[in-house]
Amino acid sequence: MRLGLGGTLTSCVLVWFLGCSTPQEKPVLARSDGVAGMVAESIGTEVPGSSMSAGDPHAVRGRVLGPQGPVANAVVLATLAQPPKPLEMIPCPSREDWEEYGLLSPLCRATLFTLESWRAERFDEERVLVRASTDSEGRFTLTGVGAGTFTVWVESPSGAGLREGVVAGMREAEVRLAEPRSLRGQVRDDSGQRAADVLVTAMHVTHRRYFETRTDATGRFELSSLPPGEYVVLFQREGLLSRLEELQGVAYPPLDVTMARSRMLPGRLLQGTKPVAGARVSLHGLFPPRETTTDEAGRFAFEGVHSGLHVFAANHQGQHALAEVAVREDEELPAVELVLGTGVRQRGRVTDARGKPIPGATVYARTGGRGEFGPAWTARRKATSADDGTYELGPLVPGRYQVQVLADGFLGEWGTWIRVDGTKRKSFVLRDAAVVRGTVVDTESQPVGRVRLDLWSRKGDMKPSDLRGLGPPGDLGLESGGFAQSRQDGTFALNATKVGPWFMRVQREGFQDVFLPVTSPSSDLRITLGEGASVSGGVTNSEGVPARGFRVTLEPAPGSTDSMPELATTTDAQGSFALRGPPPGKYRLQAEYWGGFEKRCVARDVEVIGTEVKLEALRLDEGLRVSGQVVDAAGRPLVGMQVGLEQAGAAKGREGRGSASCPSRRAASDAWVVEGGRFEVPHLDAGPHHLTVGQGYTLDAQASTGVSVDERGDAVVVQAGRSDVRLVLRRAPGIRGRLTREDGSPIPRYTLNGETVEDFEGAFYLSTRHASSTSLLVFKAAGLAPVSREVTAGKGEDVDLGAVVADRGGVVKGRVTNGVTGAAVAGALVQVEGIPDTAQGWTEWVDTSETEGGVRTAVDGTFTLPSVGALPKTLLVTHPRFVQARVLLSGQDIAVQLKPGATVQGTLRGVHTRLLRMVLSREGEPFTDGIQLEGEHFSRSDFPAGTYEVSVQSSSDRAPPFEVEPQTVTLPPGGKVTLDFVNRMRVTLRLHAPIDLEGIETALVPGKVPMPRSEAERQRILMDLQFLPDGDERTWVYKSLKRGTYTFFIFEPRGSVVRTLRQEVTLPDRGEVDRTLDMKWANVPVGEADDGKE
C-alpha cells in the first residue's frame, strides 16, 4: 500500500544525531544496466568454478532458480546476517512522549528527517562482503565470507531474490527468484512542471539496503528488480520539499509523486514596537528543533517549513516570546511576529504534608492554551521540581491549565485547574504513600521493564495462588491499592494508598501473571517472571523467511475449562517469540498479522507438561492465489487500481497434524493493478472470497469472467485459486472535474474540503452512490485564491464540473485599531475566505473555530491578505478583548475600528459541567452567544455593551439535569462583571467499586432496568446514556440527579461473553448518596449472529 508519511519537509536539515548533508553529496547508485545496485566497499569477486574456492572451508555454494529453471548471469551478493531492527520496530527518536511509537508511525514527526540523515550517511548499511555471478546452470560460489551466518541476495533481469540464514560452508544454498519487481514513476513539482534530477532512494524495511536512482529530464525514474520485501521511498532535490512514500504488497503501480516547492517562512522579533537584533529564535514542531538569529531589523526566516502546527519561541534579556502558527500546504505561508512578553512562566513549589520540599516531582500542564499545539512543544508543559521543591513551567501561552503532579513515595495530585499569567505562584501539597519498592527480573536474572504491578486487598484466608484459579481479583471484591510500571532496569516504586498487607499482581506481555503477598511499605522486593514452563519458537512464511510483527497468543484450547488469561507477545525481527510461565494444560497457539494489505493467521494446538521448555515452529501456508486482469468498459488496462479479497463466511481449518483454524479472523489480501492491468492476490485460504475494487469504479459482474454474484446479490465472489479472472470496471457515479489555472494547466496538488488531492491532471471525484446531496466544494491551492462550487447531485447521478479554474486573486491590506483610543490592535485574527456573505449583518458572534485561514495583525495593527477572491466579501476581525467586527470588503485597502469588549466571568457549582455552557442573550434581539466552562470557571471578554440574560444551557441531550436561576446583567463598554451560579437540583450519587476496573463500559439508567439477555439489549442500554460521571477506575460521581430509582451497569467484554454487574439505587430529593457496589457478576452472551442488530 502506498502511504505518504509525514507530509513534505526540506531536504537539508540538521538531524538529531547525524548532521546535515544534501542529496548532491552522493553519486547516482543505480547500475547502468538498469539493475538496482548498492554501494559496497572491499567487495571480493568470485568466478564460478575458480580455484579461489579451493581450500576455503567457509565458501558458500548454491544455485539460483527462477520460474523457468536455472538462472544464468545473475549477480549474487552476500551480507552479514546481523541486520538491524526493521524500520517499523525502531522507536521514534523525537521526544519522550512519543517513545512508544515506531519510526514509521504516522504520529512520529522524526521519520523523514531521520531517514534523510540515514541515506546521506549510509547509516547501518549492510555491507556487501562478496559478489559472484551464476554460470549457465545457475550455480554460484561465494568465497572469502569467513565464518558466520549470511543473507544471500540475487539480482537479475529475470527477477530478484534473497535467502536468509545461510551458514558459512553451505553447499546447496538454493535461492529462488521472485517475479521481476520494479518501481517506476514520475515526479512533478506543485506547479505541474516535471522534476528532473530528483534523487529517489528505496530503503528496504527489514534489511538496511539503499537502492537509488535519479529522475531524468522528463521527471521519470525506474528501479528494476528490487529484492522481495517492503520499502520506504525517499524523494529529494534542492529547492523542493522532500517526500516519503511507504510501499507494501507484491507489485507496485507506477508512482505519480508531486513535490512541493520549498518556501520561506519569514518573521520578526519585537520588544514593544522596536525590533530586537541578535536574538535566537527557535522553531518547534519539526524534529529536531531548528534555530536562527534575528538580523538588525529583527527579521528571521526558516526555509522549507512543512505543513502542520508549529511553535515559534524566542527569549531576550529574561523576556519570552511565543507564537503558535498553523502552516497549511494549500495556503500562503504566514508572516510570524514574535513579541517579547507573550510567553509566561508558571512557578511554584511541591512539598509534603509536613512542609518539606519534594525534589524530583513531575509537574505537567495537561490542558489549556491552544491545546492542539501541545505536541509541537511538550517540554514547555512539563517540569521537574528542584532540591528545594520549586518548579518552573513554560514559557506558556497565558490561560487556564489543568495540572498534574506526581512523585515517587507520594499520592499524586490530579486535575487541579490554575490560571497561568506569569504573576501568581501555585504550590502543591502531596500526601505520603506507603511505597513498595523492588526489581523485576526474568529466570536468567535479567531486568524486565514495562511490567504492570497492581496491589489488591487481602480477603479472609485467601492465598495468592487462589487468585489465578478464581480469575481476576475484581471478581472477588478485592480493593485496589495502587499500581506502577517497572523501569527499563527492572526497578519500580509503587505508591500504595495505605499501610498494610496486600496481594500483588504482576503482568507483562509474554509472561504468565504472578501473584504474591506483600506488605506496604517495603523495599528490596525481587520478583522473578517466567518460572516454570515456556513455549517459544519462530513464525516463518511459506519460504522460511522470518515473519516479524505477528501477534502470538497462547490461550486455553477450545472446550477447555481452564480460566488462565491469554498469554501474548509479538514476534521480533527474526520472527522469534517466547511465552513464559504457562501452567500445564492444553492450549491453542496462534500467530496472526492484521496489516493494511494482508490479514494472515496460523494456529496449532499444543500441550504443556510440567515445566518443559517447548519449542514450536509456526509456518504460514503459501495459500492460493487469484490473478487476472482489470480493464475498463473499452478494454483498456486500469493501472493503479487496488483489488481486495476477503474470505466469505467462517475460516476453514487447516489440514495436517496438529493444525488448527483461526476462527476469530477472516483472511484477506489486497494487491495493486500493475502494467497491462495485471493483478495477483496471494496467500488466500481455499473457498469463496468477496471482491472489492478501488474508488471511482464499480465492477460489471456480467461483463467480467471468473467471478459470480452471491445469493443475496450484493457481493461479487471469486474462488481462491483462479488465474483467469478478468474484471471489467465501469465508472462509478459521482461528481467529477479538474482543477486548473487560468491558462488551463492542471493543478496537481490541492485540497478539496480539507482533504488532499494529488493528481497530475488535477482530477477529482466524489461518490454519489449512496445518497443525494447538495454540497459546497471548496478548492484550495497554495498561491491561488480559494474556489467554491455548490453542487446538487441525486443518488447515483453523474455530475461533470469540467474545468474548475483557480486564479491568484487580489491582495487586500488594512489596519485594525481601538475604536476608543485609536491605538493599534495587535494579534487580531483577520479572515475573509469561508465567511458567509450575510455575516456582515449578523448580531451574533461568528465561531472562528468553524473557519480556516486568516492572518494576524502586526504590532502596528496592519495586515495583508494575499490571494483574495472576487469582491465584495465579508471581512471578519476577531480579538479576545474586543467586540467582533464584520465589515463589507469592497476594495483592497480598509481600516477597521474595534470596540473594547466587556468581560463576563464567574463560577458554576454543584453540577458536572462537561456538557454545559453559559449563554448570554438579549431580549427582543437575535443575539445569543456562549461561554465554554473550564471546570467550574468561565470567562470571556469580547461582548458588546448592553443588558443580557445569563443562563446555563446543555450542549448535548446527554447532559445531566440541573436547575440554575438565570441572572440579568448590564455590561458597560469595556467593563467587567463577576457572576456565581449554583445548581439547586443537588442530588449527588457516588458509587464505589472495591477494585480498579479497566476496559469497561458503564451506564446509569433511570428506572428499574432488567439485566440484558443479549448483546442487542446491552447496546440499547449504552445508546441511551443520559448521565456522564466524574471519578476514576473505581469511583463514579453523578451530579444533579432527580429523585427516583436508577439502575447502574458495568460491562466488561471477555471474548464470547460480557461480564455484567447490575445494581439499583433510589435517590431522595436532595443531598448526597454513597453506595459501595456489590460485586456480583453475570455473563451476557455475544454470539456471531447477535451483533446488536434486530
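The values are calculated or read from the model by the stated rules, or taken from the named source; none is laboratory data. Note that the coordinates shown come from a computational prediction; the quantities given were computed from them, not determined experimentally. All Cβ positions, glycine included, derive from the backbone under ideal geometry; neighbour counts span all protein chains shown.
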Report summary line: Taking first residues from the range 817-828 that are on the phi > 0 side of the Ramachandran plot and second residues anywhere that are buried (at least 17 other Cβ atoms within 10 Å of the Cβ), the pairs with Cβ under 7 Å that are 6 or more apart or on different chains are Gly827/Arg856; Gly827/Thr857; Gly827/His879
Query raised in the report: Looking at the range 667-702, which of its residues are under 14 Å from Phe597 (Cα atoms) and assigned to a loop (DSSP other than H, G, I, E, B)?
Result: Ala667, Val673, Gly694
Report task. Being part of a strand (DSSP E or B), touching a Pro at 6+ places or on another chain (Cβ under 8 Å) and within 24 Å of Arg181 (Cα to Cα) is the filter here, so list the residues in the range 112-153 that pass it. Result -> Ala132, Ser133, Arg139, Phe140, Thr151, Trp153
Requested in this report: Of the numbered conditions (1) farther than 29 Å from Lys85 by Cβ; (2) modelled with pLDDT of 90 or more; (3) buried (at least 21 other Cβ atoms within 10 Å of the Cβ), Val154 fails exactly one; give the number of that condition.
Outcome: (1)
Report summary line: Scanning the range 205-217 residue by residue, those crowded, with 23+ Cβ neighbours inside 10 Å and closer than 23 Å to Leu77 by Cβ turn out to be Thr206, Arg209, Phe211, Glu212, Thr213
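So that you can scan it fast, the table gives a plain yes or no per residue for (1) crowded, with 18+ Cβ neighbours inside 10 Å; (2) of a type outside the set (D, E, K, R); (3) not in a strand (DSSP E or B):
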{"site": "Tyr587", "(1), (2), (3)": "yes, yes, no"}
{"site": "Gln590", "(1), (2), (3)": "yes, yes, no"}
{"site": "Lys599", "(1), (2), (3)": "yes, no, no"}
{"site": "Ala603", "(1), (2), (3)": "yes, yes, no"}
{"site": "Glu607", "(1), (2), (3)": "no, no, no"}
{"site": "Ala617", "(1), (2), (3)": "no, yes, no"}
{"site": "Glu622", "(1), (2), (3)": "no, no, yes"}
{"site": "Ser627", "(1), (2), (3)": "no, yes, no"}
Report summary line: Within the range 275-291, residues surrounded by 15 or more Cβ atoms within 10 Å (Cβ to Cβ) and touching a strand residue (DSSP E or B) at 6+ places or on another chain (Cβ under 8 Å) come out as Pro275, Val276, Ala279, Val281, Ser282, Leu283, His284, Gly285, Leu286, Pro288, Pro289, Arg290
Query raised in the report: Any idea how many residues of the range 218-244 are of a type in the set (Ser, Thr, Tyr), surrounded by fewer than 24 Cβ atoms within 10 Å (Cβ to Cβ) and over 24 Å from Arg176 (Cβ atoms)?
Result: 1
Query raised in the report: Which members of the range 835-852 meet the condition of being at pLDDT 70 or above and buried (at least 19 other Cβ atoms within 10 Å of the Cβ)?
Result: Ile835
Report task. Go through (1) surrounded by fewer than 23 Cβ atoms within 10 Å (Cβ to Cβ); (2) at pLDDT 85 or above one by one and return the number of the condition Ala132 breaks. Result -> (1)
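Conditions tested, residue by residue: (1) at pLDDT 85 or above; (2) in contact with a strand residue (DSSP E or B) (Cβ under 6 Å, 6 or more places away or on another chain); (3) assigned to a strand (DSSP E or B); (4) surrounded by fewer than 17 Cβ atoms within 10 Å (Cβ to Cβ).
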{"site": "Lys426", "(1), (2), (3), (4)": "yes, yes, no, no"}
{"site": "Leu430", "(1), (2), (3), (4)": "yes, yes, yes, no"}
{"site": "Ser445", "(1), (2), (3), (4)": "yes, no, no, yes"}
{"site": "Gly449", "(1), (2), (3), (4)": "yes, no, no, yes"}
Query raised in the report: In the range 949-978, what residues are surrounded by 14 or more Cβ atoms within 10 Å (Cβ to Cβ), touching a residue at least 40 places away in the same chain (Cβ under 8 Å), outside any loop (DSSP other than H, G, I, E, B) and of a type outside the set (A, V, I, L, M, F, W, C)?
Result: none
Report task. Go through the residues of the range 603-616 one by one and say whether even a single one is over 33 Å from the mean Cα position of the chain (by Cα) and closer than 17 Å to Ser669 by Cα. Result -> no
Report task. Could you tell me which of the residues His320, His306, His316 is farther than 30 Å from Leu752 by Cβ, buried (at least 20 other Cβ atoms within 10 Å of the Cβ) and touching a residue at least 40 places away in the same chain (Cβ under 8 Å)? Result -> His320
Requested in this report: Can you tell me which residue among Thr149, Thr114 is touching a residue at least 12 places away in the same chain (Cβ under 8 Å), surrounded by 16 or more Cβ atoms within 10 Å (Cβ to Cβ) and polar (S, T, N, Q)?
Outcome: Thr114
Report task. List the number of the failed condition for Val718; all other conditions in (1) in contact (Cβ under 8 Å) with a residue 40 or more places away in the chain; (2) over 27 Å from Pro866 (Cβ atoms); (3) surrounded by fewer than 16 Cβ atoms within 10 Å (Cβ to Cβ) hold. Result -> (3)
**Report entry** Scope the range 798-824; condition assigned to a strand (DSSP E or B) and among the hydroxyl-bearing types (Ser, Thr, Tyr); matching residues
**Finding:** Thr817
Report task. Output the residues belonging to the range 518-557 that are surrounded by fewer than 16 Cβ atoms within 10 Å (Cβ to Cβ), outside any loop (DSSP other than H, G, I, E, B) and of a type in the set (Asp, Glu). Result -> Asp524
Report summary line: Among residues of the range 332-365 being small (Gly, Ala, Ser) and in a strand (DSSP E or B), the residue nearest to Ser282 (Cα to Cα) is Gly343
Report task. Output yes when any residue across the range 238-250 is among the hydroxyl-bearing types (Ser, Thr, Tyr), modelled with pLDDT of 90 or more and out of contact with any Lys or Arg (no Cβ under 8 Å at 6 or more places or on another chain), and no when none is. Result -> yes
Report task. Consider Ala173 carefully, then state whether it is touching a Gly at 6+ places or on another chain (Cβ under 6 Å) and assigned by TED's automatic domain parsing to the domain that holds Val128. Result -> yes
Requested in this report: Look at the range 159-184 and say how many of its residues are in contact with an Asp or Glu (Cβ under 7 Å, 6 or more places away or on another chain) and either in a loop (DSSP other than H, G, I, E, B) or farther than 25 Å from Thr201 by Cβ (or both).
Outcome: 1
Report task. Answer with yes or no whether Lys795 is in contact (Cβ under 8 Å) with a residue 24 or more places away in the chain, basic (Lys, Arg) and part of a strand (DSSP E or B). Result -> no
**Report entry** Scope the range 755-792; condition touching a Pro at 6+ places or on another chain (Cβ under 9 Å), more than 19 Å from Arg261 (Cα to Cα) and not in a strand (DSSP E or B); matching residues
**Finding:** Thr768, Arg769
